[in-house]
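Laboratory data are not the source of any read-out in this text; all were calculated from the coordinates shown. Keep in mind that what you see is a predicted model, and the values were worked out from it rather than measured. Don't worry about glycine lacking a Cβ; one is built from the backbone with ideal geometry, like all the others, and counts go over all protein chains shown.
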Amino acid sequence: QAKAPNSVVLVVGTHLDLIETKFRVERIATLRAYVLALCRSPSGSRATGFPDITFKHLHELSCKTLEGLDGLRQLIFHVTCNMKDVGSSICSQKLAGRLIPRSYLSLQEAVLAEQHRRSQNDDVQYLTDRQIELMIEQTPGNDIKDYEDLQTAINFLIETGTLLHFPDTSHGLRNLYFLDPVWLSECLQRIFNIKSSKSVAKNGVIRAEDLRMLLVGTGFTEQTEEQYFQFLAKFEIALPVANNSYLLPHLLPTKPALDIHGLCHQTTNTVQRVFKMSFVPVGFWQRFIARMLISLAEMDLQLFENKKNTKTRNKKVTIYSFTGTQRNRCSTFRVKRTHTVYWQEGLFVTFDGGYLSVESSDVNWKKKKSGGIKIICQSEVRDFSAMAFITDHVNSLIDQWFPALTATESDGTLLMEQYVPCHICAASKPEENEYGEKSEDAQYFNMEDCVLTAIELDYITCPNHPDIPVSLQELVPELFMTDFPARLFLENSKLECSENENNLLGQGGSGTVIYRARYQGKPVAVKRFQIKKCKGSPTSAADTMLKHLRAMDAMKNFSEFRQEASMLHSLQHPCIVSLIGISIHPLCFALELAPLGSLTTVLAENSKGSSFVPLGHMLTHKIAYQIVTGLAYLHKKNIIFCDLKSDNILVWSLDVKEHINIKLSDYGISRQSFHEGALGVEGTPGYQAPEIRPRIVYDEKVDMFSYGMVLYELLSGQRPVLGQHQLQIAKKLSKGIRPVLGEPEEVQLYRMQALMMECWDTKPEKRPLAISVVGKMKDPTFATFMYLLSCGKQSSFFCSQGQEYTVVFWDGKEDTRNYTVVNPEKGVIEVERMSCPGMKLCCQLKFQNTLWAATEDQKISVYGLQGMCPLKTPQKGLDTPATVSCFLVIPVVKKNSYVVLAGLSDGLVAVFSVAQGIPGDSCSYLCSHTANRSKFNISDDDPRQNPYPVKAMEITSSGAEVWYSNGPGILIIDCAAMEISRRLEPFSPPSVITSIACNSECHGEEVVWCLDDKSNFLVMYHVTTYQLCARYFCGDCSPLRDMFTIQQPSAAIPATAPINHKATENNPLVDMSIIYSPEVGTQILNHQDSLTDYCSMSSYSSSPPNRVTRCPSSLPSSPMSSSSAPLSTDFEEPDKFHELKPSLDHDAMPAGDSMQHLQAVKILPVKDLIWIPRRGGDIIVIGLEKESGTQRGRVIAVLKAGELAPYGTLVDAALIAKDTVVCCFENENTEWCLAVWRGWSARDFDIFYQAYEELGRLEICMRKRR
């Protein structure tokens, strides 16, 4: 009845030939009556644990003469034909006579052939779910396509006995399909062959590694051993207990090893409890003993921690605390234990001052023989909390694993009843023996009476001694929470709570009501359990039934109250609502009050008008992180929440700077999993995982499914609605139908959306664990990466300066030339491949309403933009002496007039003045070559005089100057005189500066950053003094937390050319130069040392990732050694340096390409930070910080999205509208893809990092406080 309630049972008499023919009718009738009486005890049908048995299910035959065999065949056939499919929810059709698709039969043949092949090869006799799917794909004539059809086909194989399958999702047991039950039985046989005499299993407990040894040779692999262990637990063959070991129930002795009755002395300090059951289900004792062993071991652990924290004098004493259903419960019940004895149907624990015994009781129950459980608890100090501990375990085990026991018979009698013997009666009759033969004399209170009395009173009256009241706190300690510390009981005088509609906060599960109240002057939320009052004493049978229903309701309330209060009391975490106190009269507990209510209401208020992420990206990320941190904490404590939804997430604050924004609440139906998974069907449709079905064991992955649904709510602002009816929703979810969210480019939280889809996968094993999600969400990439957008084949990419969100791609040339316009803010391609014939584009500038397009035939076309599309004939054409390599606009104060600079590929800069959007006819040129020779004395044969293209230009000093690249140097144009006024030498040939950017440092001074293509160094200049302040090497493999100092302008060198070595001899930055050669890589040379003392800065080094590598001669003796300080990226932490000896051995060096992905591509000044994308696709984020007067740069984040790996290398990047970073990836087929990032400032990163650092700190504080 408890395990297979839908099965049909036939009872067969086997030796018909032993009854003489003439007496047969009479004898058979007598036997049948006897069998039916056994199977249907006096309390009605199905009392002994069998499904319904009537005379139709009885049959007799002879095993010798086979008389009656045909009749048995017909009976089996008849019963089978009438069996109905109880599983199908709509209408239960008969199992036999259904039509079967042909493809199912051909699949069955394939499976049988596979089974035959495996048994001949002595191979493992199970298939994984993936192997079955492959087999289906390879079956000829296969028409099994969708998930539901696949499930139906597999169910057909299971029903016909072709496969053996267990649908439990816990530990992935449902992923194995067994081909041969006999083979599986043989695997299990090995465990039954262990004899208790062997040292492997001590006291019936075997270590996990010894159990693994038994798998050798069975074919179970390391990958499937978890499923095997779960399988053993399912059939109570080996149950997991503490310390990574397993209980083997078959090794337990039938009787206790010690004479426990000699240790028991009946005294007045004893309470008892008897569970009277119609049948004790198979597996009950095994699971009960395993749970008890786990709980006792957890107490050991707690004790060990307590001992560490308090220095006890007597080291030998072990203190036990009997807790409720939870571990780490702060129980007042502490004892020293001496023995723990357990056997097949019982457990006995002794301690100083008392004992605890739980055993199977075959009580002669009012002359009616029946099974049950008898619990005795003795305590000299009359603290019977241990009784609460045991009854919690018994009740939770029955509720979860054997719910059939809580049902009633057809005549209304209960399958299981609890009785509490009056301990005063029992003590006054010492002549009784242990088994209570005169038990009718002592008063047995029905648990129902105790519960109904406990609603209002603390004592109950016994008819045997009406003058002496019996304390309910001793009889039923679990109802009065006697194992809770006294400090947690509320003082009712200090609780101000009026239960009117104004104070109503909401409804909890199962009829509880939550009110706003005040306790000791502070606002609290009070969860009130409503119990219906019982009027008068029952007179008729109807009243008795009514009383029973009321008692059931009261017991349910008490047990839920106890479970949730115990759960809350044992949990100490900043993201979990704290319990303030409990009260028995009235039955309620007080919790912290959430100022803003539930997440549901907050989302409803904020989602009006916004399409996605109504709470903003940062707050959404923080809330999602805090929810999953709370879940990870629960799962670590083996608790499955079971009802995670936005209603159970309470909001404390919507300020992103606050450390705690939400807390989880409502643990009314949470389950303790005890390592074996959990059973029971509760939860909210739409949030509940599809695998939660009756009698299916599940694990914590069900919470991850609900978490996926909560993420959907956070991203969409909508509830996950899939239908009105529970069955309809469940069916859709198991089919794989999910609520619809927009495309990633619309939602713009790529990682969170991907996580949501991973969490709500139909297969639990594909869902992530909460603890791994916590790790993922600590990476800033999770919150900053918005989306990626494929843009097809293109040849060049340009973006507009200023506040506009546009990116333009050009492709093709002559007649096929076309352009594509992308809006990164909305994630849409606004214009796709609009034709615009002409030569191939090499550079583009969009400013106000004009577009300047420079082509390879040395022409510039200026288009007027009216509505952007399409580009018609240009308003003006301009000719240049070389192709344009970059544009820059200098806004002039006068209205509608500005200057456009065009840097050319031969080093010239063309200057166009523009009025009313149209460039004038005249154009002047600035010649880098001439300026270098005449102003800066660089001879023509110097490599710095090569015709370098102008790769980068940047305005500084509010438009007073323009800095532009000239090979390894920088030339500065004075905009007032429009002439080249100065030259800086950040690099040496053949380096070429590829990017220049301008932003301000800590003191608000303007600085310019430049980057080259060879040495991969980032160099920083002060704009006002033109002094080099810092260098940073961008080619580090793991740059996070790298640091470099920034010199104050006064201490830095004037880096104008030519450098006068005499004048600046004492300056630390002068004594070195950076030289690049293709053979050796980049070197830093110290002028004071000989040329052999160099340090290879190239990325070719085969060393571990080098922060800054240098040879022994130049290692800093003090932090500010002259040769190292300016280049030290991390001199505050010298242990991070790796020493490297110079190596010129070419064979030992990896190819240059392998380090190509560390080459920095661009400098992007994002708010107060510098973002540096590298070719490999990651982005180094550098912030500037002040510490004790000095400034330094620090890598505060490295953003890397693994999703971008298939899209090729990063070729270009741009900052759009000051808050969005766009990176362009190109693969070998010239297909482009945009990766869009949220441009965070230093404050955003600060809030992000603080979010989890503070949470971790709070968690540690709570643990210490506890």
Label-point gap, in nm, between Glu979 and Ala297 - each point 7 angstrom along Cα→Cβ
8.8 nm
Would you tally the net charge around Tyr805, using a Cβ to Cβ cut-off of less than 11 Å, leaving Tyr805 out, and scoring K and R as +1, D and E as -1?
-2
Quick one: Cys422, Cys63, fewest Cβ neighbours within 10 Å first, how do they rank?
Cys63, Cys422
List Lys276, Lys637, Lys94 from most exposed to least, where exposure is judged by having the fewest other Cβ atoms within 10 Å.
Lys94, Lys637, Lys276
Interatomic Cα distance distribution for the range 102-249, bins of 5 angstrom, percent
2, 9, 18, 20, 17, 13, 9, 6, 4, 2, 1, 0
Within a 10 angstrom radius of the beta carbon, how do Cys998, Cys927 rank from fewest other beta carbons to most?
Cys927, Cys998
Are any of the pairs Lys636/Lys766; Lys895/Lys935; Lys56/Lys94 more than 25 Å apart by Cα-Cα distance, and if so, which?
Lys895/Lys935
Counting only other residues whose beta carbon sits under 12 Å from that of Glu564, what net charge do I get with K and R as +1, D and E as -1?
-1
Could you list which residues have their amide H under 5 Å from that of Val513, counting only those 5 or more apart in sequence or on another chain, with H placed in the peptide plane?
Gly508, Arg528, Gln530
Quick calc: nm separation of the 7 Å Cα→Cβ label points for Asp122 and Asp1219 -> 7.1 nm
Taking the range 599-780 as the region of interest, what is the percent of Cα-Cα pairs per 10 angstrom bin, listed from the shortest bin to the one with the maximum distance?
10, 40, 38, 12, 1
Name the residues whose placed amide hydrogens come within less than 5 Å of the amide hydrogen of Val205, ignoring near sequence neighbours (fewer than 5 apart) on the same chain.
Leu248
About the Cα centre of the range 599-780, what is the dipole size in debye to 20, counting +1 per Lys and Arg Cβ and -1 per Asp and Glu Cβ, all else neutral?
300 debye
Globularity index of the range 739-852, i.e. its alpha-carbon radius of gyration over 2.2 N^0.38 Å
1.45
Each label point is 7 Å from the Cα along the Cα-to-Cβ direction; what then is the distance between the points at Gln718 and Lys636, in nm?
3.7 nm
List, in order, the whole-Hz ³J(HN,Hα) value for each residue of the range 639-647 obtained from phi through the Karplus relation with A = 6.51, B = -1.76, C = 1.60 and θ = phi - 60°; use x for Gly and Pro.
10, 9, 5, 6, 9, 6, 7, 5, 5
Treating only Lys and Arg (+1) and Asp and Glu (-1) as charged, each at its beta carbon, one finds that the range 733-780 has a dipole about its Cα centre, in Debye to the nearest 20, of 260 debye
If you take the beta carbon distance between Leu258 and Lys202 as r and set R0 to 25 Å, what does 1/(1 + (r/R0)^6) give as a FRET efficiency, to the nearest 0.05?
0.95
Integer Hz, Karplus 6.51/-1.76/1.60 couplings in order for the range 154-166, x for Gly and Pro
5, 4, 4, 5, 6, 5, 7, x, 5, 10, 10, 9, 10
For the range 645-664 versus the range 1184-1201, the gap between their alpha-carbon centres in whole angstrom
31 Å
Between Tyr1249 and Leu865, take the C-beta separation as r, use R0 = 41 Å, and let me know the FRET efficiency to the nearest 0.05.
0.45
Would you work out the charge dipole size for the range 58-210 about its Cα centre, treating the Cβ of every Lys and Arg as +1 and the Cβ of every Asp and Glu as -1, and quote it to the nearest 20 debye?
540 debye
